[in-house]
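Let me begin by presenting the structure, written as structure tokens, before commenting on it.
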Amino acid sequence: MAVEELADAIAGFTLFADLSTPQREHVVDVFTEQWFADGEKVLRQGLSGSGLYIVIDGSAAIRIDGVDRATLRAGDFFGEISCLLSEPPTADIVAIGPLRCLVLALSQVEGFLKSNPLVMYRLLQGEARKVRTTTKWLS
Amino acid sequence: MYSLTRLGVDHAALSADDAPGGMFRKWPLFQRMLSWTKPYTGFEPGTRDYERFDWNSLSGDEPAHRGLMAGVMDGTSYFPSRPEMQRGLELFAERTRLKFRYGCRWESTSKEDRDYILTTTDGDYRAPLVVFAVGVSEPWSPPSIPGIEQASHYGELGPTESYADKRIFIIGKQNSGFEIASGLLPWARRIILASPSSTQLSVNTHSLVGVRARYVQPYEDSVLAGGVVILDASIEEVARTEHGFDVRTRSRDEDHSRIHQVDTVIAATGFTSPLQDLDRLGVMRFGQSKLPAQSHLWESIDEKTRGIFFAGTINQGSKGVMKHGIPSNSGAVQGYRYNAKVLAQHIAETYFGKPHPTRPLQAGEVIPLFLHEARFGPELWHQRSYLARVVSIDPDRGLRDEGIMPLAHFLDGGTGYDGAAITLESNGHDDLYPRLYVRRHGKFDEHVLPVDPFLNFETERHQSEIGAALSPVLSESLSRP
């Protein structure tokens with residue numbers, strides 16, 4: 001998919017909702033596009049050196065110790081906790097059918113978020129929702 | 001083709017070119033490669049250990065088929081010239097007596113039952129497995145930029161002197177853009193390089209990601225105000241004018257466009273892989289280079305396209321583990337030459353019943369093997385966190401040297417056995433270091449080994465740390481004669 005097509009594709013994603021077209025083009029230029037086959041692991045539980053991933057097409061399972069816990073779909077992102085804490089992921093992410101993602105390397109995540117505060121704010125909102133869901137589940 | 005022949009796999013090899021090294025009869029534009037072959041290393045060309053220092057030779061099994069580039073270079077640079085690269089490939093083909101059908105152009109593809117049918121200028125070829133090694137060679141420009149078709153592509157550059165005193169706008173800030181800018185520095189009045197994202201330099205990323213040091217001069221010229229301008233901006237339009245071109249750009253930090261009046265526009269916007277009608281069969285392609293999406297063993301990922309494999313620079317489409325976001329070196333000879341060996345072995349074993357030769361090991365041999373591979377193994381040096389040297393550990397089979405394989409294949413249990421694997425790893429900021437993976441009962445542990453300023457990974461400390469990491473799985477009782 002060309003840069004411009006990808007920039008259009010991510011326009012509807014919450015994470016990039018506040019960005020202009022040139023800003024979205026910059027995003028897809030900085031990120032790398034990757035495809036994963038059905039059943040292929042995108043992230044591996046316990047493996048260091050991951051990245052920030054955004055699902056463009058397809059879906060993926062969040063698998064912890066071999067048990068599927070949730071499903072990720074277009075617009076969802078993952079790997080951010082691992083990047084922010086510089087720790088290995090706590091789950092496998094496994095493609096369900098062909099999966100297309102945008103990927104930002106661990107070493108670039110901090111610089112990217114600092115230079116794109118609007119994305120950082122949206123990402124924080126996403127984390128807040130996850131905490132809220134977990135809190136509800138625990139109570 | 002060399003490896004399939006060595007393994008006794010019957011095949012036909014077709015090439016649209018008239019002779020070996022077709023690509024290097026044309027590229028690179030400024031006549032010298034980016035990849036080095038170091039002549040004096042302490043190792044003889046032709047040995048496996050020498051390959052760590054030789055990025056350009058193809059890699060055969062015999063000494064006479066290895067390190068050939070060192071013998072064809074004139075010694076004036078450790079970056080071979082274009083004709084030297086061409087000669088190295090010709091020499092490999094001569095010495096190994098590879099039998100290609102040259103001048104045979106692949107035109108279309110269809111599938112009948114389990115077989116693929118390649119229609120070529122020399123008739124139809126039918127086979128259940130096809131390996132496409134057609135490179136990334138088709139010039140590409142982003143169609144969404146109005147007027148881009150009026151720009152010259154990287155491959156259409158005129159004689160350098162024709163750019164004397166010209167204002168030049170280069171779209172693209174990767175190696176090809178900087179290569180052109182470097183070549184035109186003595187000629188152009190002004191050079192603008194533009195693309196949306198910032199330029200990265202390989203010396204900063206500690207990898208092949210970014211502009212290589214050979215082409216950094218325009219960057220310094222820009223910083224020291226010599227006439228080069230490097231812009232982080234989207235290109236909105238290229239319009240022809242009476243005196244040349246107007247190029248409209250927009251920076252992501254500005255709310256207005258800028259117009260640049262220039263004499264020439266050059267699109268250094270890359271190349272795509274010429275995979276013709278494979279999309280129609282179900283081959284998925286991605287990214288600017290339209291690479292085919294591939295499994296860890298370089299097979300097309302869609303169920304309908306099983307039996308379609310890829311080799312050569314297109315192997316970039318198999319990303320592997322991408323530790324720290326750093327890609328493999330599969331786009332270059334020094335990377336894909338090892339992928340080809342592993343792929344040929346995989347095909348021979350999986351489809352032709354020729355088992356992968358493994359070697360029994362004594363328990364005392366494992367640590368020295370891993371230490372030596374970390375220090376000298378060319379596959380590990382050139383394909384960091386991508387290819388690994390693997391030893392299987394099995395109560396029934398004992399310890400076996402399984403050779404080289406993709407790290408992802410080992411980690412994800414594709415091998416079907418437990419064991420240990422050694423790799424070299426770059427993280428984008430530190431010097432490279434070895435990493436050991438131990439896989440047991442379907443789970444793996446990682447062990448990072450120390451950095452060494454002289455890249456000697458055979459020290460007592462490395463030996464002791466590998467020993468500690470392997471101690472839960474390695475025992476004398478696993479040794480086999």
Scanning segment B:342-373 for residues that are among the charged types (D, E, K, R) and touching a Lys or Arg at 6+ places or on another chain (Cβ under 9 Å), the one farthest from the other protein chains (Cβ to nearest Cβ) turns out to be B:Arg359
Tell me, please, whether a residue that is touching a helix residue (DSSP H, G or I) at 6+ places or on another chain (Cβ under 6 Å), modelled with pLDDT under 95 and of a type in the set (Ser, Thr, Tyr) can be found in segment A:41-50. yes
Report yes if some residue within segment B:405-425 is of a type outside the set (Ser, Thr, Tyr), over 24 Å from B:His382 (Cα atoms) and either more than 14 Å from every other protein chain (Cβ to nearest Cβ) or in contact with a Cys (Cβ under 6 Å, 6 or more places away or on another chain) (or both); otherwise report no. yes
Pick out the one residue from B:Arg97, B:Arg82 that is modelled with pLDDT under 95 and open to solvent by less than 50 Å² (accessible area, probe 1.4 Å). B:Arg82
Identify all residues within segment B:118-154 that are under 28 Å from the mean Cα position of the chain (by Cα), over 20 Å from B:Leu29 (Cα atoms) and part of a strand (DSSP E or B); write none if there are none. B:Leu118, B:Thr120, B:Ala127, B:Val130, B:Val131, B:Phe132
Just one of B:Lys354, B:Lys443 is without any contact (Cβ under 8 Å) to a residue 60 or more places away in the chain and open to solvent by 10 Å² or more (accessible area, probe 1.4 Å); which is it? B:Lys443
Run down A:Val30, A:Val55 and say which single residue is modelled with pLDDT under 95 and either at the interface with chain B (Cβ under 10 Å from one of its Cβ atoms) or closer than 26 Å to A:Ala7 by Cβ (or both). A:Val30
Which one of B:Asp263, B:Asp246, B:Asp221, B:Asp232 is within 23 Å of B:Ser152 (Cα to Cα), open to solvent by 20 Å² or more (accessible area, probe 1.4 Å) and in contact with a Gly (Cβ under 8 Å, 6 or more places away or on another chain)? B:Asp263
B:Asp279 - would you say it is among the acidic types (Asp, Glu) and in contact (Cβ under 8 Å) with a residue 12 or more places away in the chain? no
Candidates A:Arg73, A:Arg63, filtered to the one that is in contact with a Lys or Arg (Cβ under 9 Å, 6 or more places away or on another chain) and open to solvent by 50 Å² or more (accessible area, probe 1.4 Å): A:Arg63
Criterion (farther than 17 Å from B:Tyr2 by Cα, basic (Lys, Arg) and more than 19 Å from the chain's Cα centre (by Cα)) met by exactly one of B:Arg87, B:Arg82: B:Arg87
Name the strands (runs of 3 or more DSSP E) wholly inside segment B:185-295 in which the number of residues that are aromatic (Phe, Trp, Tyr) and touching a Phe, Trp or Tyr at 6+ places or on another chain (Cβ under 6 Å) is 3 or more. none
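The values are calculated or read from the model by the stated rules, or taken from the named source; none is laboratory data. All figures in this text were calculated on a predicted structure; none of them were measured in a lab. Virtual Cβ from ideal backbone geometry, glycine too; neighbours counted across all protein chains shown. Heavy atoms of the whole protein, side chains included, go into the accessibility calculation; ligands, DNA and RNA do not. Shrake-Rupley method; radii C 1.70, N 1.55, O 1.52, S 1.80 Å.
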